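Below is one structure, written out as structure tokens; comments come after it.
The values are calculated or read from the model by the stated rules, or taken from the named source; none is laboratory data. The shown structure was predicted, so the numbers you read here are calculated from the model rather than taken from an experiment. Because the Cβ atoms are built from the backbone with ideal geometry, glycine has one as well, and the counts that use them run over all protein chains shown. For the accessible areas, the whole protein counts, side chains as well, though only heavy atoms, and no ligand, DNA or RNA atoms are used. Shrake-Rupley method; radii C 1.70, N 1.55, O 1.52, S 1.80 Å.
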Amino acid sequence: MSAFDDIFKLALERGFYFPSCEIYSDTNAGFWEYGPNGVKIKNKFLDLWRRELVRRDGMLEIDGTQIMSKSVFLASGHLKNFSDPVVKCIKCKSSFRADKLIQDQAGIEVPERLQNDKVDLLIKENNIKCPNCNGEFSTSERFNMMFKVEIGPNHDEAFLRPETCQSIFVDFPRIFKVSRGRLPLGIAQVGKSFRNEISPRQGLLRLREFYQAEIEIFCNPNKLDDLPKFEDIKNTILRIYDKQQLVEITATDALEKGILPNKLVAYYLSLLVEFFNKTGISNKRTRLRRLSDDEKAFYSSIAFDLEVDTSFGWLELVACNYRSDYDLMSHSNTSKTNLYVMDDDVKVLPHVFELSLGVDRCIYSILEHSYFIDKEKEDRILLKLKPYLSPIQAGILPLLKKDEFKKKSMNLLSLINKDFDVFYDESGSIGRRYRRLEEIGVPFAFTIDHQTIDDDTVTIRYRDSMNQERIKISDVKSFLALHLSID
RNA sequence: GCGACGGUCGUCCAGUUUGGUCUAGGACAUCAGAUUGCCAAUCUGGUAACCCGGGUUCAAAUCCCGGCCGUCGCACCA
């Protein structure tokens, strides 16, 4: 059984995530729900992201709408780049851009918005055949990854955003102004994005509706090395993969050797790495992969992917793109809005460095890297989640199902359940209850036993070591606060 | 989207070849009770499923058709 199967089974059995609308048979692939435990991990993961990136760097967070107007995507290039007519050979199944074929074989210029039936007619009239096998073509289809929606009684065209960052770009001028922003300025956002993937697969790894946590750093392109806060991360170790080679190198050395282009990129990649070091994803199984020119997105001049090693191989978790002024320039032109800002008395159109994180993939990776089977102890399954990411932080377990034990348990529960995610369980043997807790990653269990009745102390049982020690009930709150702290 | 294979309690599996005691069975999980009392104990009892729609038939989990979903491969993945 693969690690993916183990996690998938655990996710279904313990309510981390599961297919959307699963009681109906017409549910579509690529849509998944987070159950109670999944939501708690996701929220805690995002809290960590905010702590280590947004607050640490003084970024501003916004929450934009998921439906955005057509003009946004005219400017962003999404409409243009994803409305190509595609035909498929019936015989050999190869796919081709229909407009390219018609141009190549018949020399006819095909207008971009030509309707599908007209495209099909052109193919028929000009007797265009598959260049591979000379086979016939199917009727043409348009692949646009964006979901179209209709607004109001006139069915005005709008779209579900295929990436959250467009909100940040279009909101930039107001935020910069009203927040009295200064370059470099990070604007962050967590939210849903939507892509109509052709074949979504593998649970949370490829979704049609998914969470992104994106950061756009707006900067002065002439000051990419003028960054005093670089000192904070100059010794951060980065694992950079380029041209089939992995180097482990400090941020400073990476700059000096020209592996990273400037201090701004080095700084934010370092913050990102320091954040991931706190997620429980094994540092040795991550890398910053430099993308080659033919892999990069059309808007990107420098691109690194933060990747993690999983049972599927290397998986992209964060796309880090230097988007230059591509976005602000095109939004400025399309909307006819001035997006220049003042930086030290000089007017600049800011450049953008982006850290675009796929939340769902991160959650999966954290689960996979936390999953252990303890062969010594009857194959006990445990999720060694960081305590601050665990969906439940402590279990409260009466050793006996007797009234005085239950009463003490309830007292402890009400003492801490507003500040922490805790779970009370009296069902089954004490060993079984410990196992149930560690399977969802609960790091601590407090057991109310005979001695509790005498002296108001409880047993703490640790998930990873299975060790036990005693603590006063009055100290439980501070114990948790201490052991759930991040640094 | 194409091709191959598959879809049965929460999970894993038996049953489908050859339609009929299948009123769908087991294990684990779960719930209740008893017993026990610090690492998945035992006993008793319970809850719980044939992916959806249509067809063939006296009779469909089983055969046929369509759809949906899943795994793998191809293609796609700004």
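Dipole check for chain A: with +1 at the C-beta of Lys and Arg, -1 at the C-beta of Asp and Glu, and the Cα centre as origin, the magnitude is about 420 Debye. For the residue pairs A:Lys70/A:Lys263; A:Lys284/A:Lys377; A:Lys401/A:Lys477, the C-alpha atoms sit more than 32 angstrom apart in A:Lys70/A:Lys263. Between the stretch A:336-355 and the stretch A:356-401, the alpha-carbon centres lie 44 Å apart. Qualifying chymotrypsin sites (Phe, Trp or Tyr not before Pro) in the stretch A:283-339, where qualification requires a DSSP coil assignment and no more than 10 other C-beta atoms within 10 Å, comprise A:Phe298. Taking the centroid of alpha carbons for each part, the stretch A:236-277 and the stretch A:198-212 are 29 Å apart. Just how far, in whole angstrom, is the stretch A:46-77 from the stretch A:162-196 if you go by their alpha carbon centroids? Their Cα centres are 4 Å away from one another.
The accessible surface of the stretch A:392-483, taken with every protein chain in place and a 1.4 Å probe, is 50 percent carbon and sulfur.
For A:Lys42, the lysines whose Cα comes closer than 21 Å to its Cα, not counting residues fewer than 8 places off in the same chain, are A:Lys9, A:Lys192, A:Lys278, A:Lys384, A:Lys386, A:Lys418.
In loop segments of the stretch A:185-222 as defined by DSSP, the trypsin sites (Lys or Arg not before Pro) with at most 16 further C-beta atoms inside 10 Å of their C-beta are A:Arg201.
A 1.4 Å probe run over chain A, with the rest of the protein chains in place, finds 49 Å² accessible per residue.
Projecting the Cα positions of A:Thr337, A:Ile175, A:Leu437 onto the charge dipole of chain A (unit charges on Cβ atoms of Lys, Arg, Asp and Glu, taken about the Cα centre) puts A:Leu437 furthest along the positive direction.
Taking the C-alpha atoms only, the angle from helix A:326-335 to the longest principal axis of chain A is near 60 degrees. Each of A:Gly428, A:Ser474, A:Thr452 was placed along the dipole of the stretch A:392-483 (beta-carbon charges, centred on the mean Cα), and the one lying farthest toward the positive end is A:Gly428.
In chain A, if the dipole is taken from +1 on Lys/Arg beta carbons and -1 on Asp/Glu beta carbons about the Cα centre, which of A:Leu255, A:Ile373, A:Trp314 is farthest to the positive end? About the Cα centre, the residue reaching furthest to the positive side is A:Ile373. Viscosity 1.306 mPa s, temperature 10 °C: give me the Stokes-Einstein translational D for chain A in µm²/s, with Rh taken as the Kirkwood radius over C-alpha pairs. So the translational diffusion coefficient is about 62 µm²/s. Sequence-ordered 3J(HN,Hα) estimates for the stretch A:26-34 from the Karplus curve with 6.51, -1.76 and 1.60 and θ = phi - 60° stand at 9, 5, 9, 6, x, 10, 10, 9, 8 Hz, glycine and proline given as x.
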